[in-house]
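Reviewing the structure listed below.
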Amino acid sequence: MQNIIEIENHHTSGLYTKQNFAIVRGQGASLWDSDGNEYIDCSSGHGVANLGHAHPKVAEAVYKQASTLITLFETFPNDQRAALMEKLTALTPGLERVFFCNSGTESVEAAIKFARLSTGRRGIVAAMRGFHGRTMGALSATWNKKYREAFEPLVPDYSHVAYNNIEALEKAVNDQTAAVLLEPVQGEGGVYPADPSYMESVRELCDRTGALLIMDEVQTGFGRTGMMFAYQHYGITPDMLCVAKSLAGGVPMGAVLMGEAIKNLAPGLHGSTFGGNPLSCAAANAALGVMLDENLPRQSLVKGAYFRDRIRELNLPIVRDVRGIGLMIGIELKKKVAPYIKALQERNIIALNAGLTTIRLLPPLVITYEQLDQVIDTLAEVLAMELVAE
Ligand SMILES: Cc1ncc(COP(=O)(O)O)c(C=O)c1O
């Protein structure tokens, strides 16, 4: 283990805070380090492993496709890509066309470009606390200045308004607004779900003003919140849907799904070398099959409700709020979370933060009740401790 860590520390870009153990294997919601210690993964690789790690159906599809055809530019039609286009759009009535890319930020980047192309307008209105990625266009929509400041000047004509506040949005949207870009549940920003009445009003405002509605479901997609996509909780349809993370069962892939309002997308105006490659498409076909066969959205809904109820019942004095939908869970503390996340990790539970005071849990949707109970018991133990940030 020491050797792995030393090599990485020596060669690291410096952009990541490295842990002091190396993970070498995963199965379902479990991860193992190089010394054979088991962890319960409540991070899913930042919301990727909705199906759990090393799902056999994804592994088999990847192996089969890798020995058939790995790469193919999207100008050439392909059996796996065509199958995926059909499967994916069948899940999103009203969004019939797809652009494939390789990550979340690329899907947001593309959606912003498509919004400007479709409307001939430039303005992008996003939300305070929003996170949309780190390439320049997506970063310009991201709120937290810790991600933005070092890279200014960013792309012009972006603005940010308070989330869940329709009056603020009404003031910001005008006849120069190309799109409103929102997460249906703000993830990085602290696990804040949109109010149902807000979402309905946002859709109505966009219809009234000709601005397009882009829903960033990079983190909330594919069952994470108890529906295949979180916007489906709200009875609205966005003009564009950005997805990535768990789309291909852990293999890198992103996509933008588009409705009828998206136009002027002519050959060459945008594209991606790896986008829609047969290997990622085969993995995604297998992953979507598992999500439907195992009804992962339903599992997420039921397990998430169970988890939140049990945490609330503990009545822990340190807990300010328990939020979220499905297995997208935020536990806001009255104190900084860093030492608590460290204490969880020392007890073999891997968790994330969202901002300074919220523990964010994004476990694989296949996590067992036994594992959930172990996480709850460990949280009860750790959150009863008096820990201070270093
Ligand atoms: C809502 C949202 N949008 C975009 C991104 C960026 O995705 P990626 O890291 O794949 O570029 C993330 C990543 O966490 C996200 O949560």
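Note down the accessible area of Asp195, probe 1.4 Å, to the nearest 10 Å².
Number for this one is 70 Å².
Check which residues have an amide H placed less than 5 Å from Leu212's amide H, if you skip close sequence neighbours.
It is Ala179, Val180, by chain and number.
Need one value: the accessible area of Thr17 in square angstrom, 1.4 angstrom probe, rounded to the nearest 10.
Solvent-accessible area, nearest 10 Å²: 130 Å².
What does the charge add up to near Asn264, with Lys and Arg as +1, Asp and Glu as -1, over the other residues with Cβ less than 14 Å from its Cβ? Intermediate values should be presented prior to the final figure.
Working: positive: Arg97, Lys113, Arg116, Arg121, Lys263; negative: Asp239, Glu260.
Around Asn264, the charge tally is +3.
Using modelled amide H (1.01 Å from N, peptide plane; none on Pro or chain starts), what sits under 5 Å from the amide H of Val155, excluding residues fewer than 5 places away?
For Val155, the qualifying residues are Ser140.
Could you derive backbone 3J(HN,Hα) for the stretch 121-129 from the dihedral phi with the Karplus parameters 6.51, -1.76 and 1.60 (θ = phi - 60°), listing whole Hz in sequence and x where the residue is Gly or Pro?
Listing the rounded values in order: 10, 10, x, 10, 10, 10, 10, 4, 6 Hz.
With every protein chain left in place and a probe of 1.4 Å, what is the accessible surface of Leu91, to the nearest 10 Å²?
Spelled out: Leu91, probe radius 1.4 Å, area about 30 Å².
Report, largest value first, the span of the C-alpha coordinates of the chain along each principal axis, in whole Å.
In descending order, the Cα extents are 55, 54, 42 Å.
Per the helix-only calculation at 222 nm, which mean residue ellipticity applies to the chain, given -39500 (n - 2.57) for every DSSP H run of n ≥ 4 and division by its residues, nearest 500 deg cm²/dmol? Intermediate results must be reported in sequence, preceding the final value.
Details: 13 runs with 142 residues, N = 390.
It comes out at -11000 deg cm²/dmol, rounded to the nearest 500.
Check Ile236: other-chain or 5+ apart residues with amide H under 5 Å from its amide H, H built from backbone geometry?
Hits under the 5 Å cutoff: none.
May I ask which of Lys18/Lys335; Lys146/Lys171; Lys57/Lys113; Lys145/Lys336; Lys146/Lys335; Lys64/Lys245 have a Cα-Cα span longer than 29 Å here?
Violating the 29 Å limit, Cα to Cα: Lys57/Lys113.
What's the local net charge at Ser159, with K and R +1, D and E -1, over the other residues with C-beta under 12 Å away?
Details: positive: Arg122, Lys171; negative: Asp157.
So the environment of Ser159 carries a net charge of +1.
From Cα pairs below 8 angstrom and at least 6 apart in sequence, can you work out the relative contact order of the chain, rounded to a whole percent?
Worked out over the chain, it gives 22 percent.
Sequence gap at least 6, Cα distance under 8 Å: using those rules, report the relative contact order of the stretch 25-106 to the nearest whole percent.
Values: 41 pairs, mean separation 14.9, N = 82.
Relative contact order of the stretch 25-106: 18 percent.
Can you work out ³J(HN,Hα) from phi for every residue in the stretch 131-140, in order, using Karplus 6.51 cos²θ - 1.76 cosθ + 1.60 and θ = phi - 60°, giving whole Hz and x for Gly and Pro?
10, 10, x, 10, 7, 4, x, 5, 4, 5
Using Cα positions and a limit of under 15 Å, work out the aspartates and glutamates in reach of Lys342, with same-chain residues fewer than 8 apart set aside.
Result set, ordered by chain and number: Asp41, Glu381, Glu386, Glu390.
Taking θ = phi - 60°, what integer Hz values does the Karplus form 6.51 cos²θ - 1.76 cosθ + 1.60 yield along the stretch 21-33, in sequence order, with x for Gly and Pro?
9, 9, 8, 10, 7, x, 7, x, 8, 9, 10, 10, 8
Taking the Cα centre as origin and putting +1 on Lys and Arg beta-carbons and -1 on Asp and Glu beta-carbons, what dipole magnitude results for the chain, to the nearest 20 debye?
Computed charge dipole of the chain: roughly 480 debye.
How much net charge surrounds Gly226 when only the other residues with a Cβ under 12 Å from the Cβ of Gly226 are counted, with Lys and Arg +1 and Asp and Glu -1?
Around Gly226, the surrounding residues sum to +4.
The values are calculated or read from the model by the stated rules, or taken from the named source; none is laboratory data. What you see is a predicted model; the values in this text were computed from it and never measured. Backbone-built Cβ (ideal geometry, glycine too); neighbour counts: all protein chains shown. The protein model used for the area step is the full one, side chains on, heavy atoms only, and it has no ligands, DNA or RNA in it. Shrake-Rupley method; radii C 1.70, N 1.55, O 1.52, S 1.80 Å.
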